[in-house]
Amino acid sequence: MLASQKKTMDELKLKLDKLKVQKRCIEPLREKRTVVKKLPSEIILENSSIKVVIDPNCGGKICSFVSKRTNTEFLYQDTRKKFSNNGYSEHDISGFDECFPTVAACGFKTDEGINYYEDHGLLWQRAWDAEVRGDRVVMSKDIPQLKCCFERSCQLQGPNSLMLKYKISNKGDRSLPYIYSAHPLLSVNEQTVLELPDVN
């Protein structure tokens, strides 16, 4: 090998070594991917910025949404230890519930008679099926009396966002009238500002 070739090879090796050092320095700054843990009583979605806890056994409730950077819990936490099954106000009033097919208790007339829906609908307080698919959680609940299935997927997007996607499948042969409401109870104080994006 000629001296000039050896010098060029040494320079190239030095540049590659510098590149490796720079790469090692950059890696810790990158956003870590989402980690999904499915435990018997909860499912956790977590990255380096936020942690979301979901209870599939209690209506798919999103129990907690925490900013790890500021240690801020965005959802209201109920400090009571015992709950009743009598109605929503005597239940665990916290987190983010799904209300379907109604929000208020009501009766709905059908060909078979009147269906009575309880306060906050037929999803809360009930166990949902839950499946981890890669970096997202897909949860569903069949509702036999309505012949339908309610499905929600949860996925962390970027460092600060939780994306929720919904699908309602009508398995019957008639139209399915319903009301849906996301029901988050936010943890707020006098300084809290809620900013909503413009919707066109």
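Do any of LYS37/LYS167; LYS109/LYS165; LYS61/LYS165; LYS38/LYS171 go past 19 Å between their Cα atoms, and which? Pairs exceeding 19 Å: LYS37/LYS167; LYS109/LYS165; LYS38/LYS171. Note: relative contact order over region 32-184, using C-alpha pairs below 8 Å and six or more positions apart, is 21 percent. Were the residues from LYS37 through THR72 laid out at 0.36 nm apart, the gain over their Cα-Cα distance would be 10.5 nm. Using the Cβ of GLU112 as centre and a radius below 15 Å, the other residues enclosed give a net charge of +1, where K and R count +1 and D and E count -1.
With the simple model of a label 7 Å out from the Cα in the direction of the Cβ, MET163 to ARG126 spans 2.8 nm. Could you check how many percent of all C-alpha pairs in region 32-184 are farther apart than 29 Å? Of all Cα-Cα pairs in region 32-184, 21 percent lie more than 29 Å apart.
Every read-out reported here was derived from the displayed coordinates using simple, explicitly stated rules and does not represent laboratory data. Here the structure is a predicted model, which is why all the values come from computation and not from measurement. No Cβ is skipped: glycine too gets one built from the backbone with ideal geometry, and neighbour counts run over all protein chains shown.
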